[in-house]
Amino acid sequence: MEISLERTPCCFALGSSNILAVGNMDGCLELNTYDPDPERQDFTEHWRFRTKSSIRAITFSEDGSTIYGIGRNKSLCSYDTETGKRTRCIVKSHEARPTTICLLPSTARKNQQFATGDENGYVHTWDFRSENPLICQWSDQTGDINALAMDSNHNLLSASADNTLAAYEVRKCKLRLKSEEMGSELLSICATEKFVYVGTQEGYVEIFKNGEYGNILERIESGFDMNVSQIIELRTGLLLTSSETSNEIRALNVMPNKKLGIAAKHGGAESSVDQIGITPDCSWLLSMDLFSKSLKFWPFEEITAKFPILRADSIKKKKINGGFFSDLVDEKYLKSLEKRKKRKDSDSDDDDKEDAEQDSESDNDDSDDINDEEMGSESDVDDEEEDSEDPDDEMTD
């Protein structure tokens with residue numbers, strides 16, 4: 001289902017129960033409900049709130065009752081999801097213009113609810129229930145904060161235009177670690193249970209091991225010439241990427257690494273995919289194109305069905321010749337498997353030979369015993385003959 005919008009969208013946020021919030025370039029915040037089912041295809045606006053500046057990023061609170069949004073005019077505001085009323089607004093949340101926003105987990109110390117970043121490399125955390133809402137602030141990076149995300153160890157990750165990734169310990173309000181400078185500007189973050197994937201301006205995806213952000217584990221090509229602006233995980237090892245310079249949504253298989261090709265396209269060649277997201281119930285993939293002022297829903301199952309799961313045991317059982325995943329498998333790995341199999345076969349043949357030799361030796365031992373028994377019987381006969389001669393001798397005497 002594709003939705004044409006009246007205004008130029010800047011960002012969106014997905015809430016529970018088919019709720020979608022859209023922030024627009026003209027400063028208007030909208031709340032909509034959607035039903036992309038082909039038989040119904042409903043998209044209804046429930047309320048709108050107009051601000052004085054374009055809305056750069058939005059997110060829902062953990063319980064979904066509030067929307068937090070940052071504006072180009074440095075404002076940071078909260079809105080009631082049910083009524084659409086603005087409940088609180090900080091006119092100057094940062095010295096520079098804010099760029100991104102990220103919801104924090106409920107386990108964050110001091111009841112920190114969300115974090116924001118700005119164009120000067122500053123990161124702030126907030127509790128809008130408090131009289132003094134600003135809780136922590138860091139200034140360890142020097143470029144735009146392009147993305148914020150939480151990893152599985154409750155570290156707040158910050159991707160910056162100064163080519164570094166920073167990890168902040170939210171509970172202690174301190175910098176935990178900052179990476180070495182990467183080859184280009186860092187634009188996006190996707191944090192999973194074991195790994196963190198970071199999109200770059202040069203079109204690569206940098207892979208970090210969770211909690212180890214000093215340097216990258218691996219670098220892989222995304223298929224885009226430049227600008228990996230969004231990364232989301234479809235399932236373990238399968239990523240979707242998008243770029244503000246392309247209308248394509250591309251799939252990547254990670255470990256083994258392979259560009260799987262185009263998963264979907266939004267609009268014509270002049271369009272771009274400015275944001276992607278997955279609905280909370282994992283039923284739909286949503287993409288946004290600023291140029292054509294449109295949103296598009298894609299069935300999640302249809303997207304994932306395009307890319308089969310590659311398993312190690314399937315590599316062992318089947319010889320891959322020119323199949324879809326043929327170049328996913330390293331030839332050295334296949335050769336090592338063949339060598340291992342030959343070694344096992346050889347070991348099994350050696351075992352069979354040893355068993356045969358042992359059986360042969362056992363047969364020889366048995367035959368020796370039989371010969372001994374036969375010899376023993378002959379000697380007994382001789383003894384009997386000798387015994388039989390003794391009486392004759394006595395009689396002769």
Other-chain or far-sequence residues with amide H under 5 Å of HIS46's (modelled H): LEU31, ASN32, THR33
Environment charge of LEU290, counting only residues whose C-beta is closer than 10 Å and scoring Lys/Arg +1, Asp/Glu -1: -2
Give me the percent relative contact order of region 43-180, please, defined on Cα pairs under 8 angstrom at least 6 residues apart. 14
In a shell of Cβ-Cβ distance under 14 Å around ASP127, excluding ASP127 itself, what net charge do Lys and Arg (+1) and Asp and Glu (-1) give? +3
Roughly how many Å is it from the Cα centre of region 1-50 to that of region 67-101, as a whole number? 18
Which residue, chosen from TRP138, MET255, PHE208, occupies the Cα position most advanced towards the positive end of the dipole of region 2-308, where the dipole is computed from +1 (Lys, Arg) and -1 (Asp, Glu) charges on Cβ about the Cα centre? TRP138
Furthest towards positive pole of dipole, SER243, ILE220, SER160, structure part region 2-308, Cβ charges: SER160
Ranked from fewest to most other Cβ atoms within 10 Å of their own Cβ, ARG129, ARG56 fall in the order ARG129, ARG56
Suppose the chain between CYS89 and ILE262 were pulled fully straight at 0.36 nm per residue; how much longer would it get relative to their current alpha carbon spacing? 58.1 nm
Quote to one decimal, in nm, the extra length available between GLU193 and GLU62 on full extension: 0.36 nm per residue of separation minus the C-alpha distance between them. 45.2 nm
Please give me the summed charge of the neighbours of LEU31: other residues whose Cβ is under 12 Å from its Cβ, Lys and Arg +1, Asp and Glu -1. -2
Set of region 64-83 residues, backbone N closer than 18 Å to the point 7 Å along the Cα-Cβ line of SER17: 64-68, 79-83
Each residue of region 151-165 in turn: what ³J(HN,Hα) in whole Hz from Karplus with 6.51, -1.76, 1.60 and θ = phi - 60°, glycine and Pro shown as x? 8, 6, 9, 6, 8, 8, 9, 10, 9, 10, 6, 7, 6, 10, 10
Distant-in-sequence amide H partners of MET150 (H built 1.01 Å from N, under 5 Å): LEU157
Amide H proximity to THR66 below 5 Å, modelled H, separation 5+ or other chain, gives SER61, THR81
Contour excess over end-to-end distance, with Cα ends at CYS282 and ALA269 and 0.36 nm allotted per residue: 1.9 nm
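Bear in mind these aren't lab numbers, they're just calculated from the coordinates by the rules spelled out. All values derive from a computational prediction rather than experimental measurement. Because the Cβ atoms are built from the backbone with ideal geometry, glycine has one as well, and the counts that use them run over all protein chains shown.
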